[in-house]
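*Asks:* What follows is a structure written as structure tokens; I'll ask about it next.
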Amino acid sequence: MKSEQRMKWTSLIPYGARTVSRSTPSVEIVSYKFACRSVKTPLRLAFLSDIHFGRNPPPAGEIADSVNSLDPTHVIFGGDIASESSGLDDAFSMLSKLKSSHCNFAVIGNWELKRSRCKNISYWRTKFHGAGFTLLHDGEAESAGCVFHGLAPSRGQGLRTASLDSPTGKPLVVIAHNPDDIVRIKSRFDLGLAGHTHAGQIRLPLVGALKTSSVHWKKFEYGLLQRDDGAKLVVSSGLGTSCIPLRIFCSPEVVLTEITPMQS
């Protein structure tokens, strides 16, 4: 029973309560900040997801300027890089312009899984490496005293529960394209970062997202959520569009998450 209680999630900051710290004509910067006991050095994580380059790409220049203006310690990309293969070169070109003081990490999304080239994960690993990103595909890396673990998409193969064997005593950030993959984790982590839902892409007042592509429907559609054991989850609305080139009451965003040491 205690284990089940730890799996309960509560929304702390839904879409309507988000903090927009800065905005350009086409991109919002949404900020979250919290303290973590295991963090020794402050982290500034710039997260972007679902850029969907193709016939209707998001504004590459504004995105790059927005990310770089944050002086992030790490830039993290959450998958779904394009909507058509013709957009790949422009997408990777934009990613190559994103700068951080430490490392940049990426995971792949469901779009990449649909393309034949994803059968060879080395293709995506090489492309991201060329843009200055380390692809974490069910793997992890350590940077600035923090462990970053990237989940491969579950491919819709039912509920996948996971336990991460990461070093104790160090902050653990889990990255996945779909929040469904993060909320299945039973073991300890400090922060999860995900996209995929687009926060609905089309939202209605008082209703919110009409579609989220999540098995939990609206529960993890957007924002900052917290598990009973203190684990945090940030779900971004992303930057691009899918199916139709339209957003209604749903702004594209870059997310800045600041994690600071907990005061004794």
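Read the figures in this text as sums done on the coordinates, not as results from a lab. Keep in mind that this is a model prediction, so the values were computed, not measured. Using ideal geometry, Cβ is built from the backbone for each residue, glycine included, and neighbour counts are taken over all protein chains shown.
*Asks:* Quick one: if you stick a label point 7 Å off each Cα along the C-beta vector at SER21 and THR134, how many nm between them?
*Replies:* That separation, rounded to one decimal, is 2.4 nm.
*Asks:* Still on this model: I want the antiparallel fraction of DSSP beta bridges within segment 6-114, as a percent rounded to 5.
*Replies:* On the way: 3 of 12 bridges.
Roughly 25 percent of the beta bridges in segment 6-114 run antiparallel, per DSSP.
*Asks:* On to the next question. Taking the alpha-carbon centroid of each part, what is the distance from segment 233-264 to segment 102-146 in angstrom?
*Replies:* 20
*Asks:* Antiparallel as a % of all DSSP beta bridges within the chain, to the nearest 5?
*Replies:* On the way: 23 of 56 bridges.
Here the antiparallel bridges make up roughly 40 percent for the chain.
*Asks:* Express in nm, to one decimal, how much length is gained between MET262 and LEU204 on full extension, taking 0.36 nm for each residue of separation and deducting their alpha carbon distance.
*Replies:* Working: separation 58, 0.36 × 58 = 20.88 nm, distance 3.79 nm.
Computed gain between MET262 and LEU204 is 17.1 nm.
*Asks:* Now for a different question. What aspartates and glutamates sit close enough to LYS211 to cross-link, taking a C-alpha to C-alpha distance under 13 Å and skipping anything fewer than 8 places away on the same chain?
*Replies:* In chain and number order, the partners are GLU221.
*Asks:* Something else: Please order GLU142, GLU112, GLU258 by the number of other Cβ within 10 Å, starting at the fewest.
*Replies:* On the way: GLU142 12, GLU112 21, GLU258 16.
Least to most surrounded, the residues fall as GLU142, GLU258, GLU112.
*Asks:* By a straight-distance test (C-alpha under 27 Å), which lysines pair with LYS218 as possible cross-link partners, with residues fewer than eight away in the same chain excluded?
*Replies:* Those lysines meeting the cut-off are LYS2, LYS8, LYS33, LYS114, LYS186, LYS232.
*Asks:* Give me the Kirkwood hydrodynamic radius of the chain in Å, from all C-alpha pairs, to one decimal place? Spell out each step's value before the answer.
*Replies:* On the way: mean 1/r = 0.0549 Å⁻¹.
Value: 18.2 Å, from the Cα pair sum.
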